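Colleague: Quick one: the structure is below, and I'll ask about it shortly.
Every read-out reported here was derived from the displayed coordinates using simple, explicitly stated rules and does not represent laboratory data. Every value quoted in this text rests on a predicted model; they were computed, and no experiment measured them. Note that each Cβ is placed from the backbone with ideal geometry, even for glycine, and that neighbours are counted across all protein chains shown.
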Amino acid sequence: MTKVITYGTFDLFHQGHYNLLKHAKALGDYLIVGVTSEHFDENRGKINVLEDVLTRVQHVRDTGFADQIIIEDHEGQKIEDIQRYGVDIFTVGSDWVGTFDYLNQYCKVVYLPRTPDISSTAIRSNMFQPVRIGIVGTGRMAPRFISEAKYVSGAQIIAAYNPVNDAESFSEFRTHFPSLIYETENYEHFLELIDAVYIASPNETHYNYAQKALLQGKHVLSEKPLAFTKRETQELYDLAETKNLVLLEAVKAAYCPGFQELINVAESGRIGEIKDIEADFTRLAAENSRERTDAEYGGAFYEFGPSVLVPIIKLLGTNYKDISFHSIFDTSGVDEYDKMDIYYDNAMASARTGVAVKTEGQLVISGTKGYILAQSPWWLTKHFEVRYEDSEKIESYDPPFRGDGLRYEISEFIRKIIGFSRNGYKLTAEESIFMAEIIEKYTEYKNKQTSGIDHLN
Ligand code: C2G
């Protein structure tokens, strides 16, 4: 019996996939089809896949060509499968010619002709109108967002808005992206041009921009913090739900594929019960930067607090017993460095954030059997290790990571808008609202500590 194996994503199953499977089956007597998991596809940079793995498996099964269907979920699996199942022929479409020649040492490799003029990518772009996105705020994030959005099909950036037209960042932005400038100071008019906004304006303006956009029927992706109080954050999510709109808080870590993997490993029991999380995020900011000069809305905690909270909320939940903060403030009341301690019934967490103090910046998740160590920049999660009492035993993970990480949150935003991922688990409304609760508690603490300082100076 000749055993044949082939692999694919098979998203939005089409004639090209059908022909490939038919030819693959004809190469032997028994066909094994490996369908990629979502996680594997994200890791290899395929971030636009729309259908979940079970749907894609079903489509492959419906063809009747597959004698066995397996899930492909990691790099290097092809060699394992070929040996495990005693495969004689590995086959794939001719778009991959050369790529899999290394498998020749295990079995015969056959590249089948690719069906011309049809692809999942083309179907995706015909199925949906691109989502027209407008950017609010033309500071540091805007150019990064524009270059990363190019990797997400369905995202089309058509305009940028900045009410402070004389701002330095604005003239620089205008030089680089003249076609995106929409000359208006009227936000409502700007909203009329678009389907969705990405809000990257100063922290204190996020809530208002988000609220107006939702009221006008636009989807919102907002930089963190979405708002400064739990009530306002809750109100925005309620509004989004009532109007059936997507609202996402852009806390990058939550959407990066490697971070998902790290959370999964932590939850798998490999390090036993999780007892402690230590999360640091520090970046030295210029002395004249907003982070270090705006005593009301700048500072380290508002800047990095949401990011350090993500692993804590994901792994220990929102049901904490006690929380405390300690900050070092400059003379105008800007928090330059903070330490937060959170206590749960049977676990604890601490986090440090800084704009004027540099720390190691790592994430350590400690359990009863071992710990996970992810070094800075752990929020992009390009590498992490599982370590044990026996210091010789180290398991390393190197999830692939592309660009600067923004493409993953943009991709999630678009998937949600076009309806393929409405119940996104990556950062839920509840998690986002919980972050606002902690931000609010921090504000109370900060106001008490800095009450003698006149913020307006
Ligand atoms: N295919 C084809 N003709 C098309 C489109 C796709 O023959 N017009 C083939 C591809 O060459 C591949 C299979 O259909 O053999 C599945 O294609 P995709 O779903 O795009 O999956 P792909 O990314 O090619 O996965 O481990 C995964 C594999 O390496 C390939």
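Colleague: Pulled fully out, how much extra length does the chain show between E168 and W96, if you take 0.36 nm times their separation in residues and subtract their Cα-Cα distance? Mind showing how you got there, number by number?
Modeller: On the way: separation 72, 0.36 × 72 = 25.92 nm, distance 4.71 nm.
Computed gain between E168 and W96 is 21.2 nm.
Colleague: Between T293 and V110, what is the FRET efficiency for a Förster distance of 60 Å, r being their Cβ-Cβ separation, to the nearest 0.05? Don't skip to the answer; put the middle values down first.
Modeller: On the way: r = 64 Å, r/R0 = 1.06.
Between T293 and V110 the formula returns 0.40.
Colleague: Calculate the FRET efficiency for D67 and T428 from the Cβ-Cβ distance with a Förster distance of 51 Å, rounded to the nearest 0.05. Each step should come with its number before you reach the end.
Modeller: On the way: r = 40 Å, r/R0 = 0.78.
Taking R0 as 51 Å, the efficiency between D67 and T428 is 0.80.
Colleague: Another question about this same structure. As a test of the formula, what do you get for the chain when each DSSP H run with n ≥ 4 contributes -39,500 (n - 2.57) and the sum is divided by the residue count, at 222 nm and rounded to the nearest 500 deg cm²/dmol? It would help to have the intermediate numbers written out before the result.
Modeller: On the way: 16 runs with 160 residues, N = 457.
Using -39500 (n - 2.57) per qualifying helix, the result is -10500 deg cm²/dmol.
Colleague: If you don't mind, there's one more thing I want to ask. Looking at the chain, send over the antiparallel percent of its DSSP beta bridges, to the nearest 5. If you can, show how the numbers build up before the last one.
Modeller: On the way: 32 of 77 bridges.
Of all bridge pairs located within the chain, approximately 40 percent are antiparallel.
Colleague: Would you mind getting me the FRET efficiency between T229 and A26? Use the beta-carbon distance for r and R0 = 56 Å, nearest 0.05.
Modeller: Working: r = 64 Å, r/R0 = 1.14.
Efficiency computed from Cβ-Cβ geometry: 0.30.
Colleague: Projected onto the charge dipole of the stretch 127-220 (+1 at Lys/Arg Cβ, -1 at Asp/Glu Cβ, origin at the Cα centre), which of I194, Q129, L214 gives the Cα projection farthest towards the positive end?
Modeller: About the Cα centre, the residue reaching furthest to the positive side is Q129.
Colleague: Please give the charge dipole size of the stretch 47-99, origin at the Cα centre, charges +1 on K and R Cβ atoms and -1 on D and E Cβ atoms. Round to the nearest 20 debye. Present the calculation step by step, with values, prior to reporting the outcome.
Modeller: Details: 4 positive and 11 negative charges, 18 e Å.
Rounded to the nearest 20 debye, it is 80 debye.
Colleague: What ranking of Y102, Y182, Y442 emerges when the number of other C-beta atoms within 10 Å of each C-beta is taken as an exposure proxy, fewest first? If you can, show how the numbers build up before the last one.
Modeller: Details: Y102 11, Y182 16, Y442 22.
Ordered by Cβ neighbours within 10 Å, fewest first: Y102, Y182, Y442.
Colleague: A further question on this structure: Could you give the size of the charge dipole of the stretch 102-214 about its Cα centre, using +1 on the Cβ of each K and R and -1 on the Cβ of each D and E, expressed in debye and rounded to the nearest 20?
Modeller: On the way: 9 positive and 11 negative charges, 168 e Å.
In total the dipole reaches around 800 debye.
Colleague: Are there GluC sites (Glu not before Pro) in the stretch 139-238 that DSSP marks as loop and that have at most 14 other Cβ atoms within 10 Å, and which are they?
Modeller: Numbers: sites: E148, E168, E172, E183, E185, E188, E192, E204, E223, E232, E235; in loops: E183, E185.
Within the stretch 139-238, the qualifying GluC sites (Glu not before Pro) (loop, at most 14 other Cβ atoms within 10 Å) are E183, E185.
Colleague: Do the alpha carbons of any pairs in K314/K339; K212/K243; K358/K448; K358/K446; K321/K382; K224/K369 sit beyond 23 Å of each other, and which pairs?
Modeller: Numbers: K314/K339 19 Å; K212/K243 13 Å; K358/K448 25 Å; K358/K446 21 Å; K321/K382 33 Å; K224/K369 34 Å.
Where the Cα-Cα span goes over 23 Å, the pairs concerned are K358/K448; K321/K382; K224/K369.
Colleague: I've got another one for you. What percent do you get for the relative contact order of the stretch 330-397 when only Cα pairs under 8 Å and 6+ apart count? Provide the component values of the computation, followed by the final result.
Modeller: Details: 96 pairs, mean separation 12.3, N = 68.
Relative contact order of the stretch 330-397: 18 percent.
Colleague: Any idea what angle helix 53-62 forms with the longest principal axis of the chain, computed on alpha-carbon atoms, 0 to 90 degrees, nearest 10?
Modeller: 20 degrees
Colleague: To test your reading of the geometry: what angle, between 0 and 90 degrees and rounded to tens, separates the Cα axis of helix 230-242 from the longest principal axis of the chain?
Modeller: 40 degrees
Colleague: Which listed residue (H59, V49, T428) has the Cα farthest towards the positive end of the charge dipole for the chain, taking +1 on Lys and Arg C-beta and -1 on Asp and Glu C-beta about the Cα centre?
Modeller: Of the options given, the answer is H59.
Colleague: What percent does the relative contact order of the chain come to when contacts are Cα pairs within less than 8 Å and at least six residues apart?
Modeller: Working: 893 pairs, mean separation 61.1, N = 457.
Relative contact order for the chain comes out at 13 percent.
Colleague: With only Lys, Arg, Asp and Glu charged, each at its Cβ (+1 for the first two, -1 for the last two), find how big the charge dipole of the chain is about the Cα centre; round to the nearest 20 debye.
Modeller: 1160 debye
Colleague: Excluding D398 itself, what net charge comes from residues whose Cβ is under 15 Å from its Cβ, given Lys and Arg +1 and Asp and Glu -1? Don't jump to the answer; show the numbers that get you there.
Modeller: Values: positive: R44, K382, R402; negative: E42, E75, E261, E385, E395.
Its environment carries a net charge of -2.
Colleague: Which order do the peptides 255-265, 84-94, 10-20, 237-247 come out in when sorted by mean C-beta neighbours inside 10 angstrom, highest first? It would help to have the intermediate numbers written out before the result.
Modeller: On the way: 255-265: 21.7, 84-94: 17.8, 10-20: 19.9, 237-247: 16.3.
Final packing ranking: 255-265, 10-20, 84-94, 237-247.
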